[in-house]
Amino acid sequence: MTSFAVVARFITRAPRVRAFVPTRLVHGTTSTRKDSVCDKATEAQQKVAKKADEGAQTISYAAGNLKDKAKNTAEEAWDKVKDTTEKIKDTVTGKTEETKESIKATAKTVERSMNTKNLK
């Protein structure tokens with residue numbers, strides 16, 4: 001038999017004992033010790049519930065802040081992407097214009113050279 005089975009068998013064969021716990025007045029009041037324990041348990045339960053509620057509010061607040069930070073970060077990243085794309089576009093367009101002007105200037109130079117050679 002396993003140790004669990006031995007313990008279970010021992011417990012089921014143990015005689016049942018009932019104990020009588022007298023109630024007494026605490027500090028001359030009319031409440032009994034049982035009432036005092038119940039009151040303390042109720043107070044403890046209320047404190048735990050209050051702390052749990054405060055914790056839930058804190059978590060909710062933190063989650064809201066985290067959401068806002070994530071949104072702001074995403075917006076900042078998108079703005080940077082747009083700015084970078086605009087800069088690239090401007091650079092490429094500018095280079096295209098420069099290349100276009102350079103080709104025109106070179107064509108004019110070639111044309112002049114050919115005209116001068118033809119005149120000779």
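Quick look at the values:
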item: Residues satisfying the stated conditions in the stretch 27-37, i.e. open to solvent by 100 Å² or more (accessible area, probe 1.4 Å) and either at pLDDT 80 or above or assigned to a helix (DSSP H, G or I) (or both); result: R33, K34
item: Criterion (open to solvent by 100 Å² or more (accessible area, probe 1.4 Å), within 30 Å of the chain's Cα centre (by Cα) and at negative phi) met by exactly one of K82, K40; result: K82
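The values are calculated or read from the model by the stated rules, or taken from the named source; none is laboratory data. Everything quoted here is computed from the prediction, not taken from an experiment. Surface accessibility is based on the protein's heavy atoms, side chains included, excluding ligands, DNA and RNA. Shrake-Rupley method; radii C 1.70, N 1.55, O 1.52, S 1.80 Å.
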